[in-house]
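Trainee: For reference, the structure I am asking about is given below.
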Amino acid sequence: MRLLVGDIGGTNARLATVEATAAGIAIVRQETLSSHQYPTLGAAVLAYGVEPGVAGACFAIAGPVVQGEVRASNLPWTIQDRALAAEIGLARTHLINDFDAVGHGVTRLAPADVVALQDGVPVADGTIALIGPGTGLGQAMLIRGPAGYRVVASEGGHATLAARTETEWGLVRYLGEKYGSHVSYERAVSGPGLVNIYHYVVERGVAATRAAVAAEMETETPAAVITRHAIDGTDAACVAAADLFVALFGSQAGNFALTALATGGVYLAGGVSRRVLPLLQHGAFLRNFADKGRFATLLAAVPVYVIVTDNVGLLGAAAVAATDLGIV
């Protein structure tokens, strides 16, 4: 059965047509649109096109979905499922949180779809934690029940950032001056957050940058420029910004692992996690992940994986739509 699915972030709207059967889910057509080029999700979906014979749809959105409605966290969109269904002509249309979709998709990943940062000792049927920076910082958990894993969405990325070093306290003060008294992890551990950290590093004299880097940021995505120079070691400010980003990412991933008691593993999702994989493998991430005092031994046994496929959200949205139609 054909389904229409989407993984909608603040930057990209990834849309796909899938074939869902009892044997599995296969993507048959896929396109990535720029979210900001469309006034509504419905407009983006209609630009992609709804093929004849599509039985239902499910869209994963970065933002909390309450009673079929979501105000996108990083887009000027408020989406209501019934209105969207009428606009695109598919009565069986669902909206779910983007990390809810990752949760439904993570159990469908192949071994080649993940890279282990820490093998750990997974507990069978243990809770699984998901965390990943993109335009924002998504979090969710999978809790085992009689019918299998149940996905519990979270907005934990908006929790208050807890600084531990003088440099981190400086960042909190800097972000507080820029955004207000509440400084969330998302302000630092996200694509825009990496750019925030870079500007802090430069403006507060933590490390110097080269004029060429600023010039590159005028024509390229700034977070991509910072990541490239950090991995290559070609700019001191980019290296310092990435180091601070990785440290905070590891710290919050460890916080969430404790909150969820994620003995089944922690999965790092999102495009930023994939792009900074070489930096995550250097050790600072895991040091901060496990640096939780008396619980360091527990966290050292938690498996930690990076999801390296960008289709996990689409697979999760397809799984939700297929379940609604009784296919899987």
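Trainee: With respect to Ser184, determine if the residue is buried (at least 16 other Cβ atoms within 10 Å of the Cβ), hydroxyl-bearing (Ser, Thr, Tyr) and over 15 Å from the mean Cα position of the chain (by Cα).
Mentor: Here the answer is yes, as Ser184 does meet what is asked.
Trainee: With the structure loaded, tell me whether Leu75 is modelled with pLDDT of 95 or more, in contact with a helix residue (DSSP H, G or I) (Cβ under 8 Å, 6 or more places away or on another chain) and outside the structural domain of Ile143 (by TED's automatic domain parsing) or whether it fails that test.
Mentor: Considered against the rule, which asks whether it is modelled with pLDDT of 95 or more, in contact with a helix residue (DSSP H, G or I) (Cβ under 8 Å, 6 or more places away or on another chain) and outside the structural domain of Ile143 (by TED's automatic domain parsing), Leu75 comes out as no.
Trainee: When both residues are 6+ apart or on different chains and their Cβ atoms are under 6 Å apart, which pairs have a first residue that lies in the stretch 30-44 and is farther than 15 Å from Ala317 by Cβ, and a second that is among the charged types (D, E, K, R)?
Mentor: Hits for this filter: Gly42/Glu87.
Trainee: Gly254 versus (1) surrounded by fewer than 24 Cβ atoms within 10 Å (Cβ to Cβ); (2) in contact with an Asp or Glu (Cβ under 9 Å, 6 or more places away or on another chain); (3) modelled with pLDDT of 95 or more: which is the lone unmet condition?
Mentor: (1)
Trainee: Now a separate question. For the stretch 192-246, give me each residue that is out of contact with any Asp or Glu (no Cβ under 9 Å at 6 or more places or on another chain) and either part of a loop (DSSP other than H, G, I, E, B) or of a type in the set (Phe, Trp, Tyr) (or both).
Mentor: Tyr198, Tyr200, Arg204, Gly205, Val206, Glu220, Thr221, Gly233, Thr234, Asp235, Phe245
Trainee: Shifting gears a bit: Search the stretch 91-102 for residues being surrounded by 20 or more Cβ atoms within 10 Å (Cβ to Cβ) and not acidic (Asp, Glu), and hand back the single one that is farthest from Gly148 (Cα to Cα).
Mentor: Per the criteria, the residue is Thr93.
Trainee: So, in the stretch 47-91, how many residues would count as being under 22 Å from Gly105 (Cα atoms) and among the β-branched types (Val, Ile, Thr)?
Mentor: The total comes to 5.
Trainee: If you check Leu137, Leu142, which single one turns out to be surrounded by 13 or more Cβ atoms within 10 Å (Cβ to Cβ), in contact with a Phe, Trp or Tyr (Cβ under 9 Å, 6 or more places away or on another chain) and farther than 30 Å from Val206 by Cβ?
Mentor: From the options Leu137, Leu142, the qualifying one is Leu142.
Trainee: Additional query: Restricting attention to the stretch 24-42, does a residue exist that is more than 21 Å from Leu130 (Cα to Cα), at pLDDT 95 or above, among the aliphatic types (A, V, I, L, M) and surrounded by 22 or more Cβ atoms within 10 Å (Cβ to Cβ)?
Mentor: yes
Trainee: Report yes if some residue within the stretch 115-123 is more than 23 Å from Val308 (Cβ to Cβ), touching a residue at least 40 places away in the same chain (Cβ under 8 Å) and surrounded by fewer than 20 Cβ atoms within 10 Å (Cβ to Cβ); otherwise report no.
Mentor: Yes, that holds for at least one residue.
Trainee: Among the listed residues Leu117, Leu109, identify the single one that is over 17 Å from Thr40 (Cβ atoms), modelled with pLDDT under 95 and not in a helix (DSSP H, G or I).
Mentor: Testing whether each residue is over 17 Å from Thr40 (Cβ atoms), modelled with pLDDT under 95 and not in a helix (DSSP H, G or I) leaves just Leu109.
Trainee: For the stretch 200-229, give me the residue count where each residue is surrounded by 13 or more Cβ atoms within 10 Å (Cβ to Cβ), closer than 20 Å to Arg173 by Cβ and either free of Cβ contacts under 8 Å to residues at least 40 places away in the same chain or in contact with a Leu (Cβ under 6 Å, 6 or more places away or on another chain) (or both).
Mentor: Here the count works out to 5.
Trainee: Of all residues in the stretch 299-314 being in contact with a Leu (Cβ under 8 Å, 6 or more places away or on another chain) and assigned to a helix (DSSP H, G or I), which is surrounded by the most Cβ atoms within 10 Å (Cβ to Cβ)?
Mentor: Step by step, filter the stretch 299-314, then rank; the result is Val312.
Trainee: With respect to Gly193, is the statement that it is of a type in the set (Gly, Ala, Ser), at pLDDT 95 or above and more than 23 Å from Phe256 (Cα to Cα) true?
Mentor: no
Trainee: State all residues of the stretch 54-75 that are under 20 Å from the mean Cα position of the chain (by Cα), small (Gly, Ala, Ser) and on the phi < 0 side of the Ramachandran plot; if no residue qualifies, say none.
Mentor: Passing the criteria: Ala60, Ala62, Ala72, Ser73.
Trainee: So which residues in the stretch 88-106 are in a strand (DSSP E or B), of a type in the set (Val, Ile, Thr) and either farther than 18 Å from Asp310 by Cα or touching a Lys or Arg at 6+ places or on another chain (Cβ under 6 Å) (or both)?
Mentor: Of everything in the stretch 88-106, just one residue is in a strand (DSSP E or B), of a type in the set (Val, Ile, Thr) and either farther than 18 Å from Asp310 by Cα or touching a Lys or Arg at 6+ places or on another chain (Cβ under 6 Å) (or both), namely Thr93.
Trainee: A further question on this structure: Going through Gly105, Gly56 one at a time, which residue ends up being farther than 22 Å from Ala153 by Cα, surrounded by 22 or more Cβ atoms within 10 Å (Cβ to Cβ) and in contact with a Leu (Cβ under 7 Å, 6 or more places away or on another chain)?
Mentor: Result: Gly56 is the single residue among Gly105, Gly56 that is farther than 22 Å from Ala153 by Cα, surrounded by 22 or more Cβ atoms within 10 Å (Cβ to Cβ) and in contact with a Leu (Cβ under 7 Å, 6 or more places away or on another chain).
The values are calculated or read from the model by the stated rules, or taken from the named source; none is laboratory data. Keep in mind that this is a model prediction, so the values were computed, not measured. Don't worry about glycine lacking a Cβ; one is built from the backbone with ideal geometry, like all the others, and counts go over all protein chains shown.
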